[in-house]
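Structure record follows, encoded as structure tokens.
The values are calculated or read from the model by the stated rules, or taken from the named source; none is laboratory data. Just so it is clear, the structure is predicted and the values come from calculations on it, not from any experiment. All Cβ positions, even for glycine, are placed from backbone atoms using ideal geometry, and neighbour counts span all protein chains on display. SASA here: full protein model, heavy atoms, side chains in, ligands and nucleic acids out. Shrake-Rupley method; radii C 1.70, N 1.55, O 1.52, S 1.80 Å.
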Amino acid sequence: MMLFISNVSSRSSGLLLLLHLLLVSGLAWSAESFLVNEIQIEGLERLPDGTLLNYLPVKVGDPVDNKQIVFAIKELYKTGFFADVQMFREGDALIVKVKERPSIAEVKFSGNSDIDSKTLEGALEDIGIVKGRIYNRSLLEKLTQELERVYFSQGKYGIRIQTEITELDQNRVGINIEISEGQIALIKQINIIGNEKFDDETLLDELQLGIPGTFTFFSSADEYSKPKLNADLETLRSYYLDRGYVKFSAESTQVSITPDKKDIYITINVEEGEQYSIGEVRLVGEMVVDEQILSKLILTKPEEVFSRKLMTTSQKLLEDRLGKDGYAFASVKVLPEINEQNNIIDLIYQLIPGNKTHVRNINFHGNFRTHEEVLRREMRLMEGSILASDKLERSKIRLQRLSYLENVQIETKQVPGTDDMVDLEVSVEERLSGSFNIGAGFSQTQGLLFNVGLTQENLFGTGQSLAVSINTDSANTVYNISFTDPYYTVDGVSRTISLAFAKRDAAEEDIYDFQTDSYSANVNYGIPLSEYSTLRLGYGLSHVRLKLSSFNPSLEATAFVADHGDSYDNLLLSASYTYDTRNRTVFATKGSSQTVAMNLSTPGSDLEFYKLSYVTSFYLGLSEDFTLLLRSNLAYGNGYADLDSLPFYERYFAGGLRTVRGYDSNSLGPRDDYGNPIGGNMRVTAGADLIFPVPFIEKPPSSVRLSAFYDVGNVYLDTAPTYNASEIGFQAEELRTSAGLSFVWLAPIGPLRFSWSKALNDVEGDNLKVFQFSIGSFF
């Protein structure tokens, strides 16, 4: 006897399926059960037989009847793999005939510009619509709802979605989703209700969302999105908590949209509560570090208004201090005790230091070109050492400062079976360390600029660098080759060997009419004294040949050549000390740098002279977006022994983009009888820059810097008065000043520098420049 049992397509309604199964069940009672000796499967295309058999609740050797067959059909449908299932008997064999649902071959988006396809794919993956999954038509409605949810959260309420299903070969389908994003709904008003301690204007200024100002043409503050609103609610909460309102809460938020889905009105209902002050502040727990040291790190003080920001900062400072002593997994819990009757909060900082942690192994990953020893020498931790958190962070910073590394991550992994040992897994991402560059530019003072260079900053993976460059402009031609070994010794002493040839035409710089050809060979050593201070020592040989103009040469230059000749061989010594805590070397925003330097031509040289300098820069963070830079550059030089003054071609000059803006380049200081600047043996320049974000752009590129500046400076000569002065040497009243705006862009063609400035105390005869620029010059 053949028992035939079948099921309708899954696209039938649930009622039809129930009736069909009841019919099958009714037939089953009149049929005989049988012992399954064989199971045959028909209709599978992609799924292996084993997958179906795993879900089939009937095995070879089982006795089955129609009731069990109905149950088996239900179980196969539950998998979602099949559009149709049929079962029937041939002898003692159970035949399972199925029709697989199609699989999703591809999901394509079109028309989406504000939200990328990857984000939309991630949203659909959550509901099971992803390449390779089984296609189910019932998911199409969920598809539309999910995409609308994503767009609604970004303020796109006018979104329209059309979905087209394309049947492909091998029982596959393609899903094509056409999106019309529409215009983003804009915020027309934000109301805060319930605030009495702070006015609306104060609170609204704290929010990301809002109504843009008149001149903020590129602002997106009025573009509504749910994540922005949630972030603003947390911002409001933090604002109140940092001012003592610990019971503050945003009771409710209403977001209303106009029928045309273009305008949004937001109402935020708040409950401020009372302001709380700090009562007692205590440290409890295991004092593995001196309590007096730890107490000084707590910023919350008795009788002051409570601030969550100061509390969490104190918590972090305490954990960091414990980490410095090797308690890498220390935690500090803050236990507040609230006295609601007196509006007082007692703060108890509980120290849980745990055990001191040691480093077992340091493993490096991703350094395919760089030798491991090059990375290991930058680590401030070693195997067996205590895991000090400050040294761990410093190790990461030192690795990040290597120019041939793109990214650095350090992960601490606890050694299984221990609670005081970790392995450091250092993952690095290398960047190309070799470069060939060729460029050109133009400067008002230097004319056409040209440079070509070849640089390898990680030679053969050793961390050594080799550079060859040629730089030319209308006044200078410089050929240079240098080789640097940053770890010439195991102690981190660096050595740089350089050879250079320079040709200079001073007339092109609007100063003395002379030319020099110079050759030099130098060796310099950098000796690290600490993490932030470096002593540099060097020596070298130089040969200078001086050529005076055949047309109306300077009397001073003529006299100098008559006394000392026109060719000079000098043995040079140099020394400098630098203390540098800047957070980056280019476009720093915090820290400082101070350098004291001396250059000396030794006794026995053809010209015996020295040059001293002191250069400082202090970056003070006024806020997240504003930085104040205070800078100075003091320099002095003179001759000694038989030379009574600094050689005139070694003098300092001032005026221009790099010293005192608003005045023509090299124009300040003493002049000769023809009105040409002759420079000085003393230069005094200083200034202040207020660095601020580029307006009209929410996230300006990091390669751009805009600042308002104040410059002051001049050059002086011990043997001649500066221009318009009656006395020689330094005179404070002769310092020239200027103020203006500066724009710097580190463009691919080279740095672009522009300044608009006004001289503040110029005198008649000063050469002024309101607008100055340099494109592609070298600094």
Exercise. Answer with a single label: of (i) 27.3, 100; (ii) 38.6, 132; (iii) 30.6, 124, which was calculated as Rg and Dmax of the Cα atoms in Å from the structure in view?
Key: (ii)
Quiz item: How large is ³J(HN,Hα) for each residue in segment 87-94, as worked out from phi by the Karplus curve 6.51 cos²θ - 1.76 cosθ + 1.60 (θ = phi - 60°), to whole Hz, x for Gly and Pro?
Solution: 9, 8, 10, 10, x, 9, 9, 9
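Determine the alpha carbon to alpha carbon distance for each of LYS188/LYS262; LYS503/LYS769; LYS309/LYS413; LYS391/LYS413; LYS131/LYS226 and list only those over 19 Å. Intermediate results must be reported in sequence, preceding the final value.
Numbers: LYS188/LYS262 10 Å; LYS503/LYS769 27 Å; LYS309/LYS413 30 Å; LYS391/LYS413 17 Å; LYS131/LYS226 29 Å.
Where the Cα-Cα span goes over 19 Å, the pairs concerned are LYS503/LYS769; LYS309/LYS413; LYS131/LYS226.
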Quiz item: Once the other residues with Cβ under 10 Å from the Cβ of ASN195 are scored (Lys, Arg +1; Asp, Glu -1), what is the net sum?
Solution: -4
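Give me the extension gain from VAL288 to ASP200: residue separation times 0.36 nm, minus the current Cα-Cα distance, reported in nm with one decimal. Intermediate results must be reported in sequence, preceding the final value.
Numbers: separation 88, 0.36 × 88 = 31.68 nm, distance 4.77 nm.
Working it through step by step, the gained length comes to 26.9 nm.
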Practice problem: Enumerate the calculated ³J(HN,Hα) couplings along segment 195-211 in order (Karplus 6.51 cos²θ - 1.76 cosθ + 1.60, θ = phi - 60°), each rounded to whole Hz, writing x wherever the residue is Gly or Pro. | Solution: 8, 10, 6, 10, 6, 4, 4, 4, 6, 5, 5, 7, 8, 5, 6, x, 9
Self-check item: Fraction of accessible area attributable to carbon and sulfur, the chain (%, probe 1.4 Å)
Solution: 53 percent
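What number, in nm² with one decimal, is the all-direction average of the projected area of the convex hull of the alpha-carbon atoms of segment 303-361? Can you show the working numbers first?
Values: hull surface 18.9 nm².
Orientation-averaged projected area of the Cα hull: 4.7 nm².
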Quiz item: Looking only at segment 44-85, which residues have a backbone nitrogen under 15 Å from a spot 7 Å from the Cα of ILE95 in the C-beta direction?
Solution: 44, 85
Quiz item: What distance in nm separates the simple spin-label points at THR558 and THR616, each placed 7 Å from Cα in the Cβ direction?
Solution: 4.5 nm
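Between ARG394 and VAL60, what length in nm is gained on full extension when 0.36 nm per residue of separation is reduced by their alpha carbon distance?
113.6 nm
What longest region of the chain stays clear of trypsin sites (Lys or Arg not before Pro) that DSSP places outside H, G, I, E and B and that have at most 11 other Cβ atoms within 10 Å? Write down the numbers at each step before the final one.
Values: sites that count: ARG11, LYS59, LYS296.
With trypsin sites (Lys or Arg not before Pro) excluded where exposed in loops, the chain gives 297-779 as its longest stretch.
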Quiz prompt | the chain: angle of helix 389-400 to the longest principal axis, Cα-based, in degrees nearest 10 | solution = 80 degrees
Practice problem: Add +1 for every Lys or Arg and -1 for every Asp or Glu among the other residues with Cβ under 9 Å from the Cβ of LEU555, and state the total. | Solution: -3
Quiz item: What are the residues whose amide H is under 5 Å from the amide H of GLY285, where those residues sit 5 or more places off or on another chain and H is modelled from the backbone?
Solution: LEU351
Quiz prompt | C-alpha center-to-center spacing [segment 281-335, segment 414-430] in angstrom | solution = 27 Å
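Fully extended, how many nm does the chain gain between TYR579 and ARG137 (0.36 nm per residue separation, minus their Cα-Cα distance)?
Numbers: separation 442, 0.36 × 442 = 159.12 nm, distance 6.83 nm.
Residue separation times 0.36 nm, minus the Cα-Cα distance, leaves 152.3 nm.
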Self-check item: J(HN,Hα) series, segment 655-672, from Karplus relation 6.51 cos²θ - 1.76 cosθ + 1.60, nearest Hz, glycine and proline x
Solution: x, x, 4, 9, 10, 10, 6, x, 10, 4, 4, 6, 8, 7, x, x, 10, 8
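Can you tell me the accessible area per residue over the chain, all protein chains present, probe 1.4 angstrom, in square angstrom? Walk me through the numbers on the way to the answer.
Numbers: 41020 Å² over 779 residues.
Heavy-atom SASA per residue in the chain reads 53 Å².
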Exercise. Would you mind checking the tilt of helix 139-153 against the longest principal axis of the Cα atoms of the chain, expressed as 0 to 90 degrees and rounded to 10?
Key: 30 degrees
Quiz prompt | Residues of type aspartates and glutamates that LYS74 reaches as a straight line, Cα spacing below 12 Å, ignoring anything fewer than 8 places off in the same chain | solution = ASP84
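Tell me the mean residue ellipticity at 222 nm calculated for the chain from its helices only (DSSP H runs of n ≥ 4, each -39500 (n - 2.57), averaged over every residue, nearest 500). Don't jump to the answer; show the numbers that get you there.
On the way: 12 runs with 130 residues, N = 779.
Mean residue ellipticity at 222 nm (helix-derived): -5000 deg cm²/dmol.
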Quiz prompt | Tilt relative to the chain, helix 226-241 - C-alpha long axis, 0 to 90 degrees, to 10 | solution = 60 degrees
Quiz item: For ALA654, which sequence-distant residues (separation of 5 or more, or a different chain) have an amide H within less than 5 Å of its own amide H, given hydrogens modelled in the peptide plane?
Solution: ASN666, SER667, LEU668
Exercise. Using DSSP to define loop residues, name the chymotrypsin sites (Phe, Trp or Tyr not before Pro) in segment 654-741 whose beta-carbon has at most 13 other beta-carbon atoms within 10 Å.
Key: TYR674, PHE696
